[in-house]
Amino acid sequence: MDGQRMFELIEKLNFVRVSGTPGEEEAARILLQECEALGLDACIDPFPEQDGEIAETALEVTKPYHKVYEASALRRSASALGEARVIYAEDALPANLVDAEGAILIINTAAGRKNYEALLKARPLCILQGEGDALDDPNEMPLMGGMLRPTLTEKFDDQRLCVINLRKRDLLEMIVRGASEAKVKVVSRDVELTGRNVSAYIKGTQYPDEIIAFTAHMDSVPTSPGCYDNAAGSAVMLELARYFAAHPPKRSLRFIWTGGEEKGLLGSKHYVSAHADELEKVCLCVNLDLAGSPAGHEFAIVTGPEALTHHVDMLVKEEGYAVETRTDTYSSDCLPFALKGVPALSLGRFGAPGMSYIHCNRDKLAYVSAPALDKTGRIALLIVSRLANAVMLPFERKVSDEMRKKVEDYMDQRAI
């Protein structure tokens, strides 16, 4: 494992890679070339994804003061046009939504699964929600926007709210200054884009019909180069592919650099759906998400049997690695595999608070280091090489009903 080589791949991927855009397409091309250079059987696997375009977002407070605010409607929002009362609806509890029809509602939290139905019934003109932190410098933090995911709206017969993101400092100013009327214009339309997975395969030498699948998402959120989340995990996975290309294991390995993770695990959902025959042979999914933060700690989270958690914990302790090991859900591409009964192991490095950043434009190369990448890579190789070459796997290919229910509840709550 070579941390510097991993870092150099992140440098190549150091650009915005939103799923369904030319940025993600370029990332897929780079990863495909890297796989082909290793002599791997690799391909790009496209899939359709629902998205939207916002042609215009305008927000202008008219009473009791006048100010135009920079705003960004969520993609797939409803269009909206008009001047209306502004109501600060706090956490959108029932008492906050009385007489909200036709109004512009400011809410503290995001419009999501927990409050979406109540907000729909309130029939507002639009929802204003905050992005970032009230202390953010607007010159350094562009508005990211976001999307109303189909997994959210489909629960309500695809009824749409108009949801607009503002900087939290601007939202706070509207509350403090008592904004009471405002004009809104949002022009929105739905589009279908093409997301991409990159897939590579190494055939096992003794147990070719037993497959360990690896996932790492290559896409980023808007405005972010996503170096930590998740060019770093993508680089660790390529380094593992490099090792096993030179040292073929007993079990077959499937490497999947997924697209659309940030939009709701789209690439991994597509893979488990489109490759059902192969999925029956997959005995484990190893998900690599977050790596390279100089300050932080290693983690190994098993979405599956306790026996796997204990096995991983034993391995890392034998080698003297400090790794947080537990059995739990993990919000990434492992979840669609777990729902299909495939145990999952998520490996990576959580960054220390205030010294690592995700889902914003601060997630950049300056907060990733080669030594930290090397450490995560070596831990991953230790665990995976033992499992890929074991005479018998030390756990059942099983995800308990209790764990599946936990995953389902988590995905429903997060609308993924």
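Note on the chain: helix-only mean residue ellipticity at 222 nm, from DSSP H runs of 4+ residues weighted -39500 (n - 2.57) and normalised by residue number, equals -9000 deg cm²/dmol. The structure-derived value of P(r) over Cα pairs in 20 Å bins from 0, in percent appears in the list [x] 22, 49, 24, 4; [y] 27, 58, 15, 0; [z] 26, 52, 20, 1 under the label [z].
Arrange the following residues from fewest to most other Cβ atoms within 10 Å of their Cβ: 68, 316, 176. Ascending number of Cβ neighbours within 10 Å: 176, 68, 316. Taken about its Cα centre, segment 65-179 carries a charge dipole of about 260 debye when Lys and Arg each add +1 at the Cβ and Asp and Glu each add -1 at the Cβ.
By the scheme Lys and Arg +1, Asp and Glu -1, what is the net charge of all other residues having a beta-carbon under 12 Å from that of residue 347? Once positives and negatives cancel, what remains is 0. What is the local net charge at residue 287, summed over the other residues whose Cβ is closer than 15 Å to its Cβ (Lys, Arg +1; Asp, Glu -1)? Charge balance near residue 287 sits at -3. Note on residue 81 and residue 378: the model spin-label points, each 7 Å out from Cα along the C-beta direction, lie 6.3 nm apart.
A simple charge model with +1 on the Cβ of Lys and Arg, -1 on the Cβ of Asp and Glu and nothing else charged puts the dipole of the chain at about 240 debye relative to its Cα centre.
Axis angle, to the nearest 10 degrees, between helix 401-414 and the longest C-alpha principal axis of the chain: 40 degrees. Potential lengthening of the chain between residue 93 and residue 58 amounts to 9.9 nm, from the contour at 0.36 nm per residue minus the alpha-carbon distance.
Out of every Cα pair in segment 260-416, what percent are spaced more than 20 Å from each other?
Every Cα pair in segment 260-416 considered, those over 20 Å come to 52 percent.
Partners of residue 183 within straight-line reach, counting lysines whose Cα lies under 20 Å from its Cα and excluding those fewer than 8 residues away in the same chain: 63, 67, 168.
Taking every DSSP beta bridge that has both residues in segment 65-179, what percent is antiparallel when rounded to the nearest 5? Of those bridges, close to 15 percent are antiparallel.
For segment 266-340, the Cα gyration tensor yields ellipsoid semi-axes of 26, 15, 10 Å (square root of five times each eigenvalue, largest first, whole Å). Within a straight-line Cα-Cα reach of under 18 Å, residue 398 can be paired with the following lysines, leaving aside sequence neighbours fewer than 8 residues apart in one chain: 281, 340, 406.
Computed extension length for residue 177-residue 101: 25.1 nm, one decimal, from 0.36 nm per residue of separation with the Cα-Cα distance subtracted.
Does segment 237-287 come out rounded, prolate or oblate by the C-alpha gyration tensor, with a ≥ b ≥ c the root eigenvalues, rounded set by a/c under 1.5 and, if not, prolate when a/b is larger than b/c and oblate if not? Cα axes put segment 237-287 in the oblate bin. The ranking of 163, 236 from fewest to most other beta carbons within 10 Å of each one's beta carbon is 163, 236. Take every Cα pair under 8 Å whose residues are at least 6 apart in sequence, average their separation, divide by the length of segment 65-179, and the relative contact order is 35 percent. At q = 0.19, 0.20, 0.31 Å⁻¹, what is the base-10 log of I(q)/I(0) for segment 209-266 according to the Debye formula with one equal point scatterer per Cα and no solvent? Please give it to two decimals. Values, matching the q order: -0.70, -0.75, -1.23. Roughly what % of DSSP beta bridges within the chain run antiparallel, to the nearest 5? In the chain, approximately 55 percent of DSSP beta bridges are antiparallel ones. Of the GluC sites (Glu not before Pro) found in segment 37-112, those in coil by DSSP whose Cβ has at most 15 other Cβ atoms within 10 Å are 70, 90, 101. Cysteines of the chain lacking any other cysteine Cβ under 4.7 Å from their own Cβ: 35, 43, 227, 283, 285, 334, 360.
Annotation for segment 301-360 versus segment 84-150: alpha-carbon center distance of 33 Å. With 30 Å as the limit on Cα-Cα distance, the pairs of 155/405; 114/185; 114/364 that go past it are 114/364.
At the listed q of 0.17, 0.20, 0.26 Å⁻¹, the Debye profile of segment 158-237, built from one uniform point per Cα, gives log10 I(q)/I(0) equal to -0.98, -1.08, -1.26. Among 45, 277, sorting on how many other beta-carbon atoms sit within 10 Å of each Cβ, with the fewest leading, yields 277, 45. Taking label positions 7 Å along the Cα-Cβ direction at both residue 391 and residue 310, the computed distance is 2.0 nm, reported to one decimal.
Taking the alpha carbon gyration tensor of segment 65-179, multiplying each eigenvalue by 5 and rooting it gives semi-axes of 22, 17, 13 Å, largest first.
We did not get these values from a lab; they are worked out from the coordinates using the rules stated. Source: prediction; values computed, not measured. All Cβ positions, even for glycine, are placed from backbone atoms using ideal geometry, and neighbour counts span all protein chains on display.
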